[in-house]
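First comes the structure, then the notes that go with it.
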Amino acid sequence: MPREMLLLGIDGGGSKTNAWLAAGDSAGSSRIVGRGAAGPSNGVAVGFETALVNLDAAIDAAFLAAGRSRTRVAAAVLGLAGADRDTVRFKIDEWACARNLADRVRIVPDATLVLAAAVGDAAGIALISGTGSLSLGRDMAGRTARAGGWGWLLGDEGSGFALAQAALRAVAAEVDGRGPATALTAALSSALQVSHPRELVAAIHGPDIPSDVTARAKIAALSPVVVQVAEAGDAVAGNLIERAAADLATLVDVVARQLALGANPFPLALTGGLLLGSKQLRDELARQLAALELSADPMTLVAEPVQGAVRLAERLARE
């Protein structure tokens, strides 16, 4: 193994892409020398042309931050939303070869990074709730199971998008007289800079919103507002948080039972903007899991899943 080798770890999802450049040594340790970020790289959601542009931009930024010219690295691990699909892996692998990215490249689902960052090779479950939602687990034999990750049209229950969409529907129900009064009406109207709730339609569907992808991102970005309203004691927003927690607990439950992890406490790694940003949601998730007779212990917050990508790249380089 050379005295110094460069490694790339990449975490790409529906909102952003993080790339970390690490310098490894013959002893097997590494240090981060550059960090870069760019827009989303979920090719299924935003299109592969956009996804690949953002991957390149994040990598370029990492090399720039390290003060180095971009070059082929020893190993690169890309944890990408949608990478459990063969078509996605093929397109990304084709791009990596064309860009002369690395001697060895591994493409994995983004949840794999969360497990690697939190538990290494141990058994456990990763739960993501950001723009989308997904649960991925691994047992001690290395078997894996997953639930969720179906995208905003078919699933993503318990995600930031689903929470904000439900909140917007609660506002519509209040305005129509179909639902109870809620502080969400004023809060979301303010966030979208409209003077009356009925203008929310144009704010979400208007001609300045170029695509469904943009509308989805705009809706998901409202989830912190819903969290704030819930934390202030609004009953409607609080019920939406409870519903999101129940949906996320179901994702964990399905995976735990497929892998027979439910009989004993198991590590649960949490990431994604919604889970990381709402203690109320995490507390309710723990309560819902207990109601399902599941013991998630420890429950670890993973703020930077890209750390798991670097860890996996270290291992890949040593193989």
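The values are calculated or read from the model by the stated rules, or taken from the named source; none is laboratory data. Keep in mind it's a predicted model, so treat the numbers as computed, not measured. Cβ coordinates were reconstructed from backbone atoms using ideal geometry, including for glycine residues, and neighbour counts include every protein chain displayed.
Before moving on, here are some points about what is shown:
- ALA296 more than 25 Å from THR17 (Cα to Cα), in contact with a strand residue (DSSP E or B) (Cβ under 6 Å, 6 or more places away or on another chain) and in contact (Cβ under 8 Å) with a residue 24 or more places away in the chain: yes
- Under the condition of being within 14 Å of LEU134 (Cα to Cα) and not charged (D, E, K, R), the residues counted in the range 154-193 number 7.
- Residues of the range 115-142 that are of a type in the set (Val, Ile, Thr) and touching a Gly at 6+ places or on another chain (Cβ under 6 Å): ILE125, ILE128, THR131.
- Residue match in the range 106-113 (condition: surrounded by fewer than 18 Cβ atoms within 10 Å (Cβ to Cβ), in contact with a strand residue (DSSP E or B) (Cβ under 8 Å, 6 or more places away or on another chain) and over 28 Å from VAL227 (Cα atoms)): no
- The residue that is modelled with the highest pLDDT, counting only those in the range 126-146 that are over 14 Å from the mean Cα position of the chain (by Cα) and among the hydrophobic types (A, V, I, L, M, F, W, C), is ALA145.
- Filter result for PRO197 (more than 28 Å from the chain's Cα centre (by Cα), modelled with pLDDT under 95 and within 30 Å of GLU49 (Cβ to Cβ)): no
- Screening ALA83 with (1) of a type in the set (A, V, I, L, M, F, W, C); (2) farther than 20 Å from LEU154 by Cα; (3) in a loop (DSSP other than H, G, I, E, B) gives one miss only, at (2).
- Only listed residue being under 30 Å from LEU101 (Cα atoms) and out of contact with any strand residue (DSSP E or B) (no Cβ under 8 Å at 6 or more places or on another chain), chosen from ARG318, ARG257, ARG287: ARG318
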